[in-house]
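A.B. asks: Shown below is the structure under consideration.
The values are calculated or read from the model by the stated rules, or taken from the named source; none is laboratory data. Here the structure is a predicted model, which is why all the values come from computation and not from measurement. Counting neighbours? That spans all protein chains shown, and the Cβs are built from the backbone with ideal geometry, glycine included.
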Amino acid sequence: MKKSLLFTAAVACAFAANAEVYNYGFTYTDNKEFPFVSEINNEDSEYYFPGNYEFIDKYGVAMVNTVGVPILNTPEGEEKGVRDLGVGISMLDGGVYKLTEDAFVGGDQELEMIPEENWKYPVLSWGEEGMTRTLLMPGWGTEDKWEDANYNAATEQDWIACKNGVQFSRLGTQGIVSRQDTYIQYPAVTGEVKVTVWAGTNDNVLKAIITPVYDGVADTENAVEITKENPAEKRYYKLETATFDATGKNCAIRVGCNGAGLNLMYVRIEGDPANAAVNGIAVDAADAPAFNLLGVQVADNYKGLVIKNGKKFVQK
């Protein structure tokens, strides 16, 4: 199933020597980072959905408008749901795509490969531990000034102009164990990378996990977990800045939950523009494993941009 929209907006990416700042908020007015969010909030759009919008619902279904693709399967005789890897939701058009050629999706669904253009925008995906319920929560925060109110910043010092958040919640139906391995992956930068996250939680601990993806391979061992004990309920905070050395490498950033619910409000990434020269690079070993831009290993028949031995090339 494929749903596509035409967007004239594109993420500006100027190739300069100095580091640039990329801001990603869910405010839907003229949204250039999450175009599909604007469609959800546009009353004239076929994707319009008043109230909370579930990207992934409590049954493990990826939602596009009111039609879902199941991405969580419970094998016969098993009580726990299992995850389908290699699948993601594009924040450009809301489409549910295969991120690898050999991705498996339960049922009769036929998914297309994610188009190259969509990699310029964030992608919602999940890892080995499975996915969790993920919702767009309209009306959270304020855009003009700080106010002492629910779903706003805990203090004026933590405030940033934003409205709408994405909540990584839990799965709790059909015997499915709650999972916390869902994330949004942001487009790559390079150089000295700094990542600042504004987030909250409805639990008694706030945990955000920030994972660098170097040249398509996720560096989970050096992921940064930022924890805040006893956070105020229904409030968000400006968390500590995470830094990564991506000199000579392209570094995409994953932001997700880690063992607790997460209310993601805003992400700021500072770094040099990623290297766009990816064609014509020789590969040292033909039998080396290949990975797509999400860091998922792909088969030899995968077509598109891949990474082998830390180098990028187009596999045809």
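A.B. asks: Could you tell me whether Asp30 is at pLDDT below 90 and in contact with a strand residue (DSSP E or B) (Cβ under 7 Å, 6 or more places away or on another chain)?
C.D. replies: Judged against the criteria, Asp30 is not a match.
A.B. asks: Under 8 Å by Cβ, and 6 or more places apart or on different chains, what pairs join a residue from segment 56-78 that is among the hydroxyl-bearing types (Ser, Thr, Tyr) and surrounded by fewer than 19 Cβ atoms within 10 Å (Cβ to Cβ) with one that is in a loop (DSSP other than H, G, I, E, B) and modelled with pLDDT under 70?
C.D. replies: Tyr59/Thr173; Tyr59/Gln174; Thr74/Lys80; Thr74/Gly81; Thr74/Gln174; Thr74/Gly175
A.B. asks: Output yes when any residue across segment 208-224 is in a strand (DSSP E or B), over 24 Å from Gly191 (Cα atoms) and at pLDDT 75 or above, and no when none is.
C.D. replies: The answer is no, given that none of the residues of segment 208-224 is in a strand (DSSP E or B), over 24 Å from Gly191 (Cα atoms) and at pLDDT 75 or above.
A.B. asks: Every residue in segment 154-195 that is part of a strand (DSSP E or B) and hydroxyl-bearing (Ser, Thr, Tyr), please.
C.D. replies: Listed by number, the residues that qualify are Thr182, Tyr183, Tyr186, Thr190.
A.B. asks: Something else about it: Are any of the residues in segment 196-203 of a type in the set (A, V, I, L, M, F, W, C) and not in a strand (DSSP E or B)?
C.D. replies: No, the conditions are met nowhere in segment 196-203.
A.B. asks: So which residues in segment 228-247 are over 18 Å from Trp159 (Cα atoms) and among the polar types (S, T, N, Q)?
C.D. replies: Asn230, Thr243, Thr247
A.B. asks: Answer yes if at least one residue in segment 227-247 is crowded, with 18+ Cβ neighbours inside 10 Å, at pLDDT below 95 and in a strand (DSSP E or B), and no otherwise.
C.D. replies: No, the conditions are met nowhere in segment 227-247.
A.B. asks: So, one more: Considering only residues that are in a strand (DSSP E or B) and closer than 11 Å to Met265 by Cα, which ones fall in segment 122-153?
C.D. replies: Residues satisfying the conditions are Leu136, Met137, Asn152, Ala153.
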